[in-house]
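Below is one structure, written out as structure tokens, with a few remarks after it.
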Amino acid sequence: MKKLLLLFLIIFTQLIFNICSSQNIDSLWGVYRNVKIPDSIRLEAFNDIAWSLLYTNPDSTYILGHEELEMSRAKHLKKCETNALNTIGASYQVRGNYIMAVDYYQQCLKIREEQNDLRGVAKSLANIGSIYINIENFDKALEYQLRSLKLAEQLGNKESAASSLNNIGIIYHKFSKFEKALYYNQRSLKLYNELGDKQGVAASYANIGNIYSSLKDYEKAKEYQTKSNSISMEIGDKRGESTSLTALGISRLAQKKYSEALKDLIRAQQISVEIKDLASEKEATSGLYETYKAMGDNLKALQSYERFSVLKDSILKDDNQRKIANKELEYQYEKKVAADSVKNEEERKVTHALILAKNAQIEQDNTQKWALYGGLCLLLVFGGLMYNRFRITIKQKNIIEIQKQKTEKQKEIIEEKQKEILASISYAKRLQEAILPPHSLIKQHLPNSFFFYKPKDIVAGDFYWLETDQKNSDVLLFAAADCTGHGVPGAMVSVVCSNALNRTVNEFNITNPGDILDKVSELVVETFEKSESEVNDGMDISLCNFNKNTLELKWSGANNPLWIIRNKTLIEYKPNKQPIGKVDAPTPFITQTIQLQKNDTIYIFTDGYADQFGGEKGKKFKLSSLQDLFLEKCQLSMDQQLIEVEATLKNWQGSIDQVDDILIIGIKI
């Protein structure tokens, strides 16, 4: 009756996976059914069948692994028993149940240590180490992988060595030690090529590609990740295909190729869900969240983030970490007890054997009683599932078709609206450019200068301003201003503030910088008070009155300073710590008079450059770094300084988005 139950299990598995469409699987079934072949060889073939299903249907691997474990113990074949324990552990790991995976891996390790199976011990150490990679305890993972590698190299076991080298490379990548990671993964790739292990080669290619992606060498990353994906598809490795597609998608996301990234990541997620691989689904879902966010699809980004959070909590929750740690402590304690008392261990084995014998008799009786009923129920359940699956598939197909039509219609509406919005903003840009002084006027009055102006969006809240004194043609007024916000709101405020500056100078004939700012603040508040709702917008500004004949500079600032470099020394003039606009207790703006000297360099600017995130740690550039940049480049011509300022920002920013409008004005006396 027990053999009959096993036969039903084999038929059921073969029906689900269409006999795996592989001659190799057929030959393995042939070996297993041939009772003339030794039991150890038959069980090895059975184990290979279970592993062939691991990344396509781990539930079947789990079922076959338990059947193999039962047969191995019944025939007292220790090596086959460890193979079965290892297979069951792998089925739990792929499905994200890391506590049970560690439990079976440790059972396997214990028997291999008792049998002095050093090759097996190396594999078990690597498997346990891979669990710690999954739960992101990388220090513990590195400890196990290094132990496994040392033992494998002592034994000349290339297969185990290649696996450990690959995992060590992953860990060092997580530590951001890219050179070490590349070294270990390249060694792993070499060994897998020597072994002809295509699955291992694909894994190494994927990991090397990920390292190059972190180094921002996206072309090399794409080359290796594409190779990995091709091999995984060739050998039918669904997990490898999902992993490589996720890596490709993340690389394309970094290059802002959003449609290509989305295609790869959606396919990667579908495959990981299909094979029930929670770790792979977590990585793919994380990539989808970042891609949808970059594309501005906030709804899908939120949905992806919620699914990512569920997966991450499931994998990394503290309870899992604690239970896995307890499993290891229990295992170490059992080893110590065994070493301290061989006699007690022998007595435990005898008692355990008696219990097993009794349980085996009970199990045999129950099996004979229920085997036939169980097999028939299994076939009935399978038939019902197949019918229900067919009915649901037809229904889902109709729903998908309707949803597709709705989506296409919504897409057309959104695209049309987007075109209208972009057209309006582009027109607003032309209007804003009209308030800026033309470059010909700047070069006429300030020939030895540079204006670095980089809006965050199509239109900006920052603007530069230049006007001549109507009473004295030698006097030039110029400023760098930063209005509240950026984009369309900032641009609207900049129009109000620019108009207030023009009126103050041309209509009210005010030329003293402090008095100009007082009057501009009054006009801005007056404009915004006309609104029925409260408006607290305004601007920060650095304003200069420069006499080209006497080299006298009068200056006043609202939150933004003035820097002058003289003889390689930077002199800073502090502004009033209040903005232009509505202030609870305003104070008059102070005018500072400075006698400039030949070869002095003046710098006025907004806060966008210093506030830009970037560098290796993604931090702000800061004002101190901007001072160092000006001191280092002040001896260059103004045109060359502009090139250096642009290049420094580009290198610092890297792939990080610009956070604010940027404006810097430099003038050589």
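Side notes on the structure shown:
- Filter result (under 15 Å from the mean Cα position of the chain (by Cα), touching a residue at least 40 places away in the same chain (Cβ under 8 Å) and either more than 25 Å from residue 654 (Cβ to Cβ) or crowded, with 20+ Cβ neighbours inside 10 Å (or both)) within segment 251-278: 251, 253
- Scope segment 227-247; condition more than 22 Å from residue 184 (Cβ to Cβ) and either in a helix (DSSP H, G or I) or among the aliphatic types (A, V, I, L, M) (or both); matching residues: 230, 233, 234, 235, 238, 241, 242, 245
- Members of segment 418-473 found to be farther than 17 Å from residue 665 by Cβ and at pLDDT 90 or above, listed by number: 456
- Taken over segment 286-302, residues that are assigned to a helix (DSSP H, G or I) and more than 13 Å from the chain's Cα centre (by Cα) amount to 6.
- Residue 276 passes every criterion in (1) assigned to a loop (DSSP other than H, G, I, E, B); (2) at pLDDT below 80 apart from (2).
- Figure legend. Inter-residue proximity from segment 652-664: first residues part of a loop (DSSP other than H, G, I, E, B), second residues among the aromatic types (Phe, Trp, Tyr) and surrounded by fewer than 18 Cβ atoms within 10 Å (Cβ to Cβ), beta-carbon distance below 8 Å, spacing 6+ or different chains. Indicated pairs: 656/613; 659/613.
- Pairs with Cβ under 6 Å, 6+ apart, first in segment 201-219 and farther than 11 Å from residue 240 by Cα, second outside any helix (DSSP H, G or I): 218/255
- Complete set of residues in segment 80-100 that are more than 15 Å from residue 276 (Cα to Cα) and at pLDDT below 90: 99
- Close pairs from segment 486-502: first in the same structural domain as residue 519 (by TED's automatic domain parsing) and within 18 Å of residue 607 (Cα to Cα), partner surrounded by fewer than 23 Cβ atoms within 10 Å (Cβ to Cβ) and among the small types (Gly, Ala, Ser), Cβ under 7 Å, at least 6 apart: 491/428; 493/485
- Candidate set: segment 48-59, residues that are part of a helix (DSSP H, G or I) and surrounded by fewer than 21 Cβ atoms within 10 Å (Cβ to Cβ); chosen: the one modelled with the highest pLDDT: 48
- Across segment 446-484, the number of residues qualifying as closer than 19 Å to residue 557 by Cα and either small (Gly, Ala, Ser) or not assigned by TED's automatic domain parsing to the domain that holds residue 603 (or both) comes to 4.
- The selection criterion, being within 27 Å of residue 313 (Cβ to Cβ), in contact with a Gly (Cβ under 8 Å, 6 or more places away or on another chain) and either surrounded by 19 or more Cβ atoms within 10 Å (Cβ to Cβ) or among the charged types (D, E, K, R) (or both), does not hold for residue 139.
The values are calculated or read from the model by the stated rules, or taken from the named source; none is laboratory data. Values in this document were obtained by computation on a predicted structure and should not be read as measured data. Cβ coordinates were reconstructed from backbone atoms using ideal geometry, including for glycine residues, and neighbour counts include every protein chain displayed.
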